[in-house]
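**Student:** Have a look at this one.
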Amino acid sequence: MKILLIGKTGQVGGELNNILKDMGEVVSVERKQLDLSKIDSIEPTVLDIQPDIIINAAAYTAVDKAEEEPDLAMTVNGVAPGVLAEAAKKVGARLIHYSTDYVFDGRSNTPYREEDTTCPLSIYGESKLAGEKSIAEAGAPYLIFRTSWVYSLQGKSFLRTIKKLAAEKDTLRIVDDQIGAPTWAGSIALATRKILEQCVRDNSEPSLSGVFHLTCQGQSSWHGFAKEILDLSGTSQDTQLLPIPTSDYPTPAARPLYSVLSNDKLEKAFAFKMPHWHDALKDCLSSTPAI
């Protein structure tokens with residue numbers, strides 16, 4: 001089996017690059033090798049590599065900057081995934097792609113299901129939703145995993161930001177009225193491997209195509225997440241965390257106030273559960289960076 005992994009230096013891509021190594025021939029590429037903003041380069045790359053599986057872990061993830069660069073965000077997140085899916089169809093490959101909780105508006109008070117109405121509040125959310133639709137329209141077998149609040153020990157993540165700020169400041173003001181499920185990139189990578197193994201075992205059964213929510217169990221506010229990070233790092237006594245409302249921390253892009261996703265469909269289809277976010281955070285802090 002040949003796997004084309006796109007975005008190997010990102011948070012999820014870095015973890016996937018490590019965990020997939022023994023599953024076959026893994027061709028891992030980064031932006032300088034395959035830039036998803038250069039649409040015309042996508043199909044030739046796929047046709048040249050001839051993969052059995054394409055995993056797209058690359059994306060435009062600068063949520064606030066996307067408000068200033070809507071065309072670039074839409075190209076990378078909205079158009080490129082559809083082109084990848086079309087290329088996958090030509091070579092007979094399955095596409096695995098990652099989306100986001102930001103496709104919802106956050107007005108719910110119960111975990112979102114895959115069939116719930118989408119209504120993104122930001123350019124980033126709109127671009128990711130467009131990517132989902134362009135993949136579905138291509139007609140190739142695909143798995144889209146919507147995840148949330150992704151973090152790791154590498155790259156730009158909330159975890160690394162909190163640890164850095166806590167080392168520099170005595171007091172941190174953290175939003176406490178946005179609720180979601182912190183999800184370690186390592187948990188996403190392990191789940192992807194388990195699902196990929198099942199797809200291969202079942203000979204890539206087409207009925208497994210579709211959108212699935214894939215997040216760690218439980219929920220938290222950003223303030224609660226930050227507190228757990230400092231508690232587990234043994235530095236909570238050195239830094240005071242002050243809870244604040246979203247209105248006290250305005251950003252260019254609006255965030256959903258509630259974006260917990262239900263994993264019920266994933267659990268029924270693939271017969272496994274994601275770890276609780278507390279446990280995943282412990283595993284992350286005790287691990288080493290993927291890259």
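Every number in this text was worked out from the coordinates using simple rules, so none of it is lab data. Because the structure is predicted, anything quoted here is derived from the model rather than measured. Backbone-built Cβ (ideal geometry, glycine too); neighbour counts: all protein chains shown.
**Student:** What do you get for the angle between helix 123-138 and the principal long axis of the chain? Use alpha-carbon atoms, 0 to 90 degrees, nearest ten.
**Tutor:** 20
**Student:** Taking only C-alpha pairs under 8 Å that are 6+ residues apart, what is the relative contact order of the chain in percent?
**Tutor:** Result for the chain is 22 percent.
**Student:** Mind checking the dipole of segment 204-291: about its Cα centre, +1 per Lys or Arg Cβ, -1 per Asp or Glu Cβ, Debye to the nearest 20?
**Tutor:** That gives segment 204-291 a dipole magnitude of about 180 debye.
**Student:** Okay, moving on. If I fit a long axis through the Cα atoms of helix 222-233 and take the longest principal axis of the Cα atoms of the chain, what angle between them do I get, 0 to 90°, rounded to 10?
**Tutor:** 80
**Student:** Tell me the angle of helix 80-91 to the major Cα principal axis of the chain, expressed in degrees between 0 and 90 and rounded to the nearest ten.
**Tutor:** 30
**Student:** Okay, moving on. I'd like the distance separating the alpha-carbon centroids of segment 45-73 and segment 149-189, in whole Å.
**Tutor:** Measuring centre to centre over Cα atoms gives 23 Å.
**Student:** Next question, about the same structure. Return the Rg/Rh value of the chain, two decimal places, where both radii are evaluated on C-alpha atoms and Rh is the Kirkwood radius.
**Tutor:** 0.96
**Student:** Still on this structure, please answer the following. On full extension of the chain, what length is gained from residue 89 through residue 197, given 0.36 nm per residue of separation minus the C-alpha to C-alpha distance?
**Tutor:** Going from the current span to full extension adds 36.8 nm.
**Student:** Then there is this: Please give me the summed charge of the neighbours of residue 73: other residues whose Cβ is under 12 Å from its Cβ, Lys and Arg +1, Asp and Glu -1.
**Tutor:** That works out to -4.
**Student:** Sticking with this structure for a sec: Please report, in whole Å³, the volume per residue of the convex hull around the C-alpha atoms of segment 1-125.
**Tutor:** 123
**Student:** With both partners inside the chain, how many of the DSSP beta bridges are antiparallel, as a percent to the nearest 5?
**Tutor:** For the chain, the DSSP antiparallel bridge percentage is about 5.
**Student:** Extension gain residue 113-residue 240, at 0.36 nm per residue separation less the Cα-Cα distance, in nm?
**Tutor:** 42.1 nm is the gain from fully extending residue 113 to residue 240.
**Student:** While we're looking at this one, here's another question. Under a Cβ-Cβ cut-off of 13 Å, what is the net charge of the residues other than residue 62 that fall near it, where Lys and Arg count +1 and Asp and Glu count -1?
**Tutor:** Once positives and negatives cancel, what remains is -1.
**Student:** Which of the listed residues, 34, 254, 124, is farthest toward the dipole's positive end in the chain, when Lys, Arg count +1 and Asp, Glu count -1 at the beta-carbon?
**Tutor:** It is 34, whose Cα lies furthest towards the positive end.
**Student:** With +1 on the Cβ of every Lys and Arg and -1 on the Cβ of every Asp and Glu, and nothing else charged, how large is the dipole of segment 130-251 about its Cα centre, in debye rounded to the nearest 20?
**Tutor:** 280
**Student:** Follow-up. What does the charge count around residue 46 come to, taking other residues whose C-beta lies under 13 Å from its C-beta (Lys +1, Arg +1, Asp -1, Glu -1)?
**Tutor:** -1
**Student:** Given a cut-off of 18 Å, name the pairs among 65/128; 21/265; 2/90; 21/194; 65/156 whose C-alpha atoms lie farther apart than that in the structure shown.
**Tutor:** Check vs 18 Å cut-off fails for 21/265.
**Student:** If you don't mind, another one. Compute the separation of the alpha-carbon centres of segment 233-291 and segment 122-146 and state it in Å as a whole number.
**Tutor:** 23
**Student:** In percent, how large is the relative contact order of segment 74-121, given Cα pairs closer than 8 Å and 6 or more residues apart?
**Tutor:** 30
**Student:** State, as an integer percentage, the relative contact order of segment 1-70 based on alpha-carbon contacts under 8 Å between residues 6 or more apart.
**Tutor:** 45
**Student:** Continuing with this model, one more query. Work out the length of the dipole vector of segment 12-66 about its Cα centre, built from +1 on the beta-carbon of each Lys and Arg and -1 on the beta-carbon of each Asp and Glu, and round it to the nearest 20 debye.
**Tutor:** With Lys and Arg at +1 and Asp and Glu at -1, about 220 debye.
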